[in-house]
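What follows is a short report on a single structure.
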């Protein structure tokens, strides 16, 4: 039964809301486990469900998981510790990042349809700001944001049922102007919810992948001083006013794949082998992106990340919507260095929306052959 509409406020109020919540974040938590102001009509029936602790890992890796679920639904237990830390975006350029588990992007969580994801979210007392988490994969309470707001020195446990399959974004959303500010300071990640019987092509034939990579595309808005040099700040909140002015231009200074410039290129490249099918998961919280694998294709593409939809076949590029995650599978057929990027080439080459995949194996001249080497024109 609806009693009031207090919880619309986090998206409607100004910057003052998250500041007012310091010292009273737990006011949003209802003692019965549901949203404050509403009666609990249905209780979770999880008695007897097995619990599985999932060890989260740093991108571009995914945690160990089954592609096809064995047995019935499970409770997937994960723990995230929020860490406010200064990171170096590129040599000499620093930003105070707000992170899930100390990494940008935050780690990906993997479950199957019908499982429950149970998150323990920890905000250590060494942090300076309240934080929460909005799961696009979940249903209700602003994606869990209304039930997870924690001040420094607090922790909270949220459980939600994976009712929809696909790839989904998660991010911090503490209210007002703090929402985009936390997001563009690194506080986002993804969830992969697989069908219980695994992925399938458009004909219903099962699809398997030999390895998987998870790519977080970030957009940063870093202020410069009067001399055009990037500023450096003593703590997270010190940059807020300057950040907001840059953010309002809607013009990022950096758009790195993997959190920092070159995080997934060169010595940090992803690796695969000829003949392997690779699942790529890619998210962007704020902006459109245009995924393209130079030298390859999207054999199977779920542009909007919904695995209940049949995948598109053989795409050269596609559109990743702002605030979403997409997925595609490609079977590598040739060795060499592949470039995976956003095909806004200005953003890719100049602002960092680029990564490398190094593929080992034997070359196939039937697919491509240099018939004659470069030579002087006679």
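The table below gives the values:
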{"item": "Subset of the range 267-311 (residues that are surrounded by fewer than 19 Cβ atoms within 10 Å (Cβ to Cβ), touching a residue at least 40 places away in the same chain (Cβ under 8 Å) and more than 21 Å from the chain's Cα centre (by Cα))", "result": "273, 274, 275, 276, 277, 294, 295, 310"}
{"item": "Of all residues in the range 130-157 being surrounded by fewer than 21 Cβ atoms within 10 Å (Cβ to Cβ), on the phi < 0 side of the Ramachandran plot and free of Cβ contacts under 8 Å to residues at least 60 places away in the same chain, the one that is nearest to the chain's Cα centre (by Cα)", "result": "139"}
{"item": "Strands (runs of 3 or more DSSP E) enclosed by the range 24-124 - at least 2 residues per element that are free of Cβ contacts under 8 Å to residues at least 60 places away in the same chain", "result": "51-53, 75-90, 116-123"}
{"item": "Residue count for the range 236-288, restricted to those that are part of a helix (DSSP H, G or I) and either farther than 25 Å from residue 91 by Cα or assigned by TED's automatic domain parsing to the domain that holds residue 321 (or both)", "result": "3"}
{"item": "Conditions (1) closer than 23 Å to residue 284 by Cβ; (2) surrounded by fewer than 17 Cβ atoms within 10 Å (Cβ to Cβ); (3) assigned by TED's automatic domain parsing to the domain that holds residue 334: number failed by residue 230", "result": "(3)"}
{"item": "Filtered residues of the range 135-188 (kept if part of a loop (DSSP other than H, G, I, E, B), in contact with a helix residue (DSSP H, G or I) (Cβ under 8 Å, 6 or more places away or on another chain) and farther than 19 Å from residue 109 by Cα)", "result": "149, 151, 174, 175, 176, 177, 184, 185"}
{"item": "Some residue of the range 197-213 being under 23 Å from residue 344 (Cα atoms) and outside any loop (DSSP other than H, G, I, E, B)", "result": "yes"}
{"item": "Residue tally, condition surrounded by fewer than 13 Cβ atoms within 10 Å (Cβ to Cβ) and in contact with a strand residue (DSSP E or B) (Cβ under 9 Å, 6 or more places away or on another chain), over the range 34-65", "result": "5"}
{"item": "Residues of the range 175-227 satisfying the condition of being over 28 Å from residue 301 (Cα atoms), buried (at least 22 other Cβ atoms within 10 Å of the Cβ) and in contact with a strand residue (DSSP E or B) (Cβ under 7 Å, 6 or more places away or on another chain)", "result": "182, 185"}
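The values are calculated or read from the model by the stated rules, or taken from the named source; none is laboratory data. Worth saying up front: this structure is predicted, and the values here are computed from it rather than measured. Using ideal geometry, Cβ is built from the backbone for each residue, glycine included, and neighbour counts are taken over all protein chains shown.
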